[in-house]
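What follows is a set of notes on a single structure, which appears directly below.
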Amino acid sequence: MTPMLRQYVQWKDRYPDCLLFFRMGDFFELFFDDARVASSVLDITLTARDGERQIPMAGVPHHAAEGYLARLIQAGYKVALCDQITEPDGKTLVERSVVRIVTPGTYVPEESGSDGGLAGLVVDGEWISLAFLQPATGCFEAVTLPLDEARGRVAAFAPKELLVPAGSREKALRALPDVAPGRFQERAREEFDVVSGERWLCRRLGVASLRAFGIEDGERATGPAAATLRYLEETQFGAALHVNRLSPLLRQAFLHLDATTQLNLELVDGEGPTLFSTLNRCRTASGRRFLRQAILNPLKDTAAIGQRQEHIGALVGDHPLRVRLQELLSRCRDVERSLGRLSLRVGSPRDAGALRETLLLWPELVSLCQGTSLEELTSEVPDLDGLKERLSTALAEDPPRFLRDGGVIRDGFDDELDRWRTLSREGDAGLEALAASERERTGIKSLKVGYNRVFGYYIEVSKVHLDRIPDDYVRKQTLVGAERFITDELKRFEEEMARAGAEIARLEESLYGRLLVDILAEGRSLQLLGEALARLDFEAALAEIAWEGRWVCPEIHDGYGLEIVKGRHPVVERALAEIPFTANDVILDSFGERIVLLTGPNMAGKSTYLRMAALLMILAQMGSFLPAERARLGVVDRIFTRIGARDELARGRSTFMVEMVETADILHNVTDRSLVVLDEIGRGTSTYDGMSIAWAVLEYLVQTEKRPKVLFATHFHELTQLADRYPEVVNWSMAVEEGGEGIVFLHQVVARPADRSYGIEVARLAGLPKSVIARAQELLDLFEGEELLIPRREEATPPGQLSLFTVAADGLVEEIAALDPDGLTPLQAMEKLYELRRRCREVRSSR
Ligand SMILES: Nc1ncnc2c1ncn2[C@@H]1O[C@H](COP(=O)(O)OP(=O)(O)OP(=O)(O)O)[C@@H](O)[C@H]1O
């Protein structure tokens with residue numbers, strides 16, 4: 001094994017869980033298994049280092065490493081960057097050292113979009129102590145939560161890596177079954193210790209007690225918080241200075257949306273359009289981050305909601321102000337990320353340039369907001385004029401991507417640098433003069449003076465003129481048609497140039513280093529600037545949507561009633577585009593009619609209505625305006641949803657199991673202030689089981705001491721009787737019109753139960769073969785005629801007696817459902833019919 005490979009193996013042994021990027025000149029090389037992985041993930045050629053092809057090797061160009069890194073991180077790998085730390089001299093082995101570890105959770109790439117996110121957690125019975133750390137922005141939060149709430153938080157933060165104490169991976173997996181198992185990382189148990197963690201955090205964040213940030217002494221989440229910050233600093237090989245505070249994650253402040261609800265309502269992630277994609281008129285990446293978090297964490301405090309409403313109102317009311325504000329924002333850069341990248345030492349001079357650009361725009365933004373309610377946001381940002389001045393005078397107009405490319409510091413900023421630069425620039429002219437004088441001296445007109453990276457400066461003379469060269473020319477290199485020489489004068493010139501180059505690089509590095517210190521010294525102020533920009537961008541985006549769609553400002557209060565008049569679904573309305581969306585009311589009151597039982601055929605718009613109600617509630621508590629005629633809403637503390645059928649076969653749960661688990665969660669956790677949205681409970685099982693469950697669930701929601709507001713869509717008509725029994729329950733339905741051609745959906749909610757199911761009409765609309773429709777109609781008439789399966793309203797069985805629907809009846813339903821009429825001869829069909837009738841009669845007589 002060569003000394004270099006030995007060096008490689010030594011480093012690889014220290015970082016066995018990482019792919020080792022080993023710097024060799026202009027390339028990062030990977031060897032052995034790492035090379036195989038990189039070759040397949042990155043689709044790069046797998047070569048071999050040695051003659052016998054025993055050592056697989058793959059490489060990526062150093063200057064393009066970022067792009068390759070991003071793809072490996074995306075695929076879930078960790079990468080250790082082993083760089084050259086001494087200059088190659090061609091004789092001794094270059095020293096190398098791992099300078100950075102890039103992991104999915106700590107990654108902060110040049111472009112936003114695939115930023116990492118770290119979580120640390122300790123599961124303790126029914127509780128989880130959690131810390132979230134956003135490496136790009138330095139946002140660092142901790143909290144201890146009950147399991148179900150923690151799941152919602154983890155889903156909202158969507159960490160790329162979760163750190164857990166050694167030996168507790170399985171426990172964490174069970175507690176957070178929605179997280180991909182590969183994201184968990186075990187770390188030493190001591191790192192999660194609360195007492196030493198708290199002490200370490202205090203030292204690190206420069207406070208006597210974490211109470212300075214509102215964190216109680218002995219808060220269990222300080223253990224995972226310390227482990228998380230340590231991990232970030234360990235992988236980055238230095239202090240992450242932009243992480244300068246640990247905030248308590250205030251549970252009480254936000255409307256809680258559990259992980260299922262976040263998915264069900266397609267808030268930020270989904271295949272089609274989401275609430276996020278609909279609202280996203282943000283002009284900056286930080287605005288988009290703010291919007292995402294605002295959707296997942298709607299507020300509960302009416303004053304805080306009111307403040308956002310006021311700002312949005314100011315921007316809706318003053319169109320030119322909003323347009324100008326957004327125009328300025330679109331030129332602002334991502335201050336939080338640039339600061340984060342510079343703090344983590346992965347930033348480039350361009351990040352410093354981004355800060356300058358934004359600082360230069362800021363005064364205009366401030367004066368634009370002056371005299372409006374938005375002033376309260378801009379006035380929270382400390383004065384950053386000093387830094388702006390410094391960046392303007394020191395940093396070059398168009399800074400390069402890497403410090404080593406040179407040209408980072410502006411001309412005129414530093415006398416010494418200017419002197420060397422002048423010398424270097426004059427060198428070009430001097431070189432030309434030297435060439436001219438040599439041409440004159442030798443009489444060789446084609447004589448050239450040039451430079452290359454390997455041989456340095458040279459005088460080039462073509463072979464035909466070699467007899468004319470002077471004695472002091474020393475041969476340096478032979479080419480096909482020419483020879484290259486050096487002279488004492490040229491050598492002196494070369495040394496001078498090399499010195500100038502080295503001095504320029506040294507000075508630039510030191511001046512840029514000082515500039516970085518100045519930037520990081522203003523870290524907190526820059527974060528406040530970033531936060532203000534994000535918030536302004538978010539509010540302007542919501543104002544733009546509100547202005548465009550003529551949305552209205554809802555009245556938010558601390559009472560228990562919800563009243564939305566002529567509300568529209570913000571996402572579906574846009575998707576429908578040409579077709580007008582039918583507006584509907586939502587009226588619920590914890591102390592009045594608080595349970596709406598919604599019936600109507602499939603496709604009539606039940607799901608859309610339920611989702612609309614939930615989304616409008618979220619919008620309202622985000623501080624947004626609403627697509628409605630008017631609204632008066634009492635704040636809700638949780639929105640529960642049980643919507644749609646999601647199979648989780650991978651987790652060994654059937655659709656019905658998922659449905660029941662989610663329903664159980666709802667029934668256990670509802671409060672007076674909850675909004676519960678249930679769509680087709682019991683759909684996933686046989687008719688009678690399903691109906692019985694739906695009935696019992698609804699009764700529970702009526703009778704529970706808590707008084708949640710409930711929207712309950714069902715196709716079990718039998719349930720509509722409950723409205724006669726309980727004053728809390730009202731029957732609403734989706735109106736349909738029956739015409740000659742079949743039914744027409746009006747998508748209008750009306751205050752009466754649906755007359756019947758219309759299932760067959762919907763099947764006809766869907767284009768089922770005519771013969772099947774006709775047969776279905778026949779069977780339906782038969783069943784209704786026999787009064788067997790669908791009890792009439794007045795005959796419906798009271799809830800306690802639903803078990804009377806016998807197993808035999810259930811079996812019959814299944815059998816009929818499984819019938820394949822097309823596979824029967826007419827005779828067989830007749831026989832089957834008689835048999836079914838006989839068995840139905842038996843069932844009836846047994847009731
Ligand atoms: N208020 C409305 N205005 C206009 N179109 C609507 C409205 N509500 C629903 N729609 C349209 O009707 C389609 C069906 O709506 P939705 O899925 O809500 O029906 P559903 O009653 O829940 O049906 P299913 O029971 O089959 O799930 C939607 O995709 C949408 O295009």
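Check whether at least one residue in the range 626-634 is open to solvent by 10 Å² or more (accessible area, probe 1.4 Å), more than 11 Å from the ligand (Cβ to nearest atom), in contact with a Phe, Trp or Tyr (Cβ under 7 Å, 6 or more places away or on another chain) and modelled with pLDDT of 95 or more, and report yes or no.
Looking for residues that are open to solvent by 10 Å² or more (accessible area, probe 1.4 Å), more than 11 Å from the ligand (Cβ to nearest atom), in contact with a Phe, Trp or Tyr (Cβ under 7 Å, 6 or more places away or on another chain) and modelled with pLDDT of 95 or more, one finds none in the range 626-634, hence no.
Testing Met612 on (1) open to solvent by less than 20 Å² (accessible area, probe 1.4 Å); (2) away from the ligand (no atom under 11 Å from the Cβ); (3) touching a His at 6+ places or on another chain (Cβ under 7 Å), one condition comes back false. Which one is that?
(2)
Within the range 707-715, identify whether any single residue is open to solvent by 10 Å² or more (accessible area, probe 1.4 Å), away from the ligand (no atom under 13 Å from the Cβ) and out of contact with any Lys or Arg (no Cβ under 7 Å at 6 or more places or on another chain), and answer yes or no.
No, there is no match, as no residue in the range 707-715 is open to solvent by 10 Å² or more (accessible area, probe 1.4 Å), away from the ligand (no atom under 13 Å from the Cβ) and out of contact with any Lys or Arg (no Cβ under 7 Å at 6 or more places or on another chain).
Kindly indicate whether Val381 is in contact with a Leu (Cβ under 6 Å, 6 or more places away or on another chain), open to solvent by less than 30 Å² (accessible area, probe 1.4 Å) and of a type in the set (Val, Ile, Thr).
So Val381 fits the description; yes.
Which residue out of Pro580, Pro601 is within 16 Å of the ligand (Cβ to nearest atom) and either free of Cβ contacts under 8 Å to residues at least 12 places away in the same chain or not assigned by TED's automatic domain parsing to the domain that holds Met691 (or both)?
The unique qualifying residue is Pro580.
So for the range 721-741 (the condition being assigned to a strand (DSSP E or B), of a type in the set (Ser, Thr, Tyr) and under 22 Å from Ile681 (Cβ atoms)), does at least one residue qualify?
yes
Counting only residues that are acidic (Asp, Glu) and either more than 21 Å from Pro708 (Cα to Cα) or open to solvent by less than 10 Å² (accessible area, probe 1.4 Å) (or both), how many does the range 570-609 have? Please lay out each step first, then the result.
Of the range 570-609, the ones acidic (Asp, Glu) are 573, 578, 585, 589, 593.
Still in the list and also either more than 21 Å from Pro708 (Cα to Cα) or open to solvent by less than 10 Å² (accessible area, probe 1.4 Å) (or both): 573, 578.
Of the residues in that region, 2 qualify.
Provide a single number: the residues in the range 718-727 that are within 41 Å of the chain's Cα centre (by Cα) and surrounded by fewer than 22 Cβ atoms within 10 Å (Cβ to Cβ).
Counting residues in the range 718-727 that are within 41 Å of the chain's Cα centre (by Cα) and surrounded by fewer than 22 Cβ atoms within 10 Å (Cβ to Cβ) gives 0.
Among Leu616, Leu536, Leu598, Leu528, which is the only one that is touching a helix residue (DSSP H, G or I) at 6+ places or on another chain (Cβ under 8 Å) and under 23 Å from Arg283 (Cα atoms)?
So the residue among Leu616, Leu536, Leu598, Leu528 that is touching a helix residue (DSSP H, G or I) at 6+ places or on another chain (Cβ under 8 Å) and under 23 Å from Arg283 (Cα atoms) is Leu536.
Only residues that are of a type in the set (Lys, Arg) and at pLDDT below 90: list them for the range 36-66, please.
Arg49, Arg53
Out of (1) of a type in the set (Val, Ile, Thr); (2) within 16 Å of the ligand (Cβ to nearest atom); (3) touching a Leu at 6+ places or on another chain (Cβ under 7 Å), the odd one out for Ile504 is which?
(2)
Run down Leu329, Leu342, Leu365, Leu361 and say which single residue is touching a residue at least 40 places away in the same chain (Cβ under 8 Å), out of contact with any Ser or Thr (no Cβ under 8 Å at 6 or more places or on another chain) and assigned to a helix (DSSP H, G or I).
Within the list Leu329, Leu342, Leu365, Leu361, the selection yields Leu342.
Looking at (1) more than 22 Å from the chain's Cα centre (by Cα); (2) more than 10 Å from the ligand (Cβ to nearest atom); (3) within 21 Å of Thr714 (Cβ to Cβ), find the lone condition where Arg574 falls short.
(3)
Restrict the check to the range 486-496 and report whether at least one residue is open to solvent by less than 60 Å² (accessible area, probe 1.4 Å) and under 25 Å from Ala631 (Cβ atoms).
Within the range 486-496 (the criterion being open to solvent by less than 60 Å² (accessible area, probe 1.4 Å) and under 25 Å from Ala631 (Cβ atoms)), the answer is no, since none of the residues qualifies.
Provide a single number: the residues in the range 440-474 that are within 21 Å of Met497 (Cα to Cα) and part of a strand (DSSP E or B).
Total satisfying the criteria: 11.
Of the residues in the range 697-706, how many are surrounded by fewer than 15 Cβ atoms within 10 Å (Cβ to Cβ) and outside any loop (DSSP other than H, G, I, E, B)?
2
Those residues that are free of Cβ contacts under 8 Å to residues at least 60 places away in the same chain and either under 18 Å from Thr144 (Cβ atoms) or touching a Cys at 6+ places or on another chain (Cβ under 8 Å) (or both), I need them from the range 200-215; list them, please.
Leu201, Ala208, Ser209, Leu210, Arg211, Phe213, Gly214
For the range 208-303, please list each of the helices (runs of 4 or more DSSP H) lying entirely inside it that holds at least 2 residues being of a type in the set (Lys, Arg).
In the range 208-303, 285-296 are the helices (runs of 4 or more DSSP H) which contain 2 or more residues that are of a type in the set (Lys, Arg).
The values are calculated or read from the model by the stated rules, or taken from the named source; none is laboratory data. Model, not experiment: these values are computed from the prediction. Neighbour counts are summed over all protein chains in view; Cβ atoms, including those assigned to glycine, are modelled from backbone coordinates with ideal geometry. Accessible surface areas use protein heavy atoms only, side chains included; no ligands, DNA or RNA. Shrake-Rupley method; radii C 1.70, N 1.55, O 1.52, S 1.80 Å.
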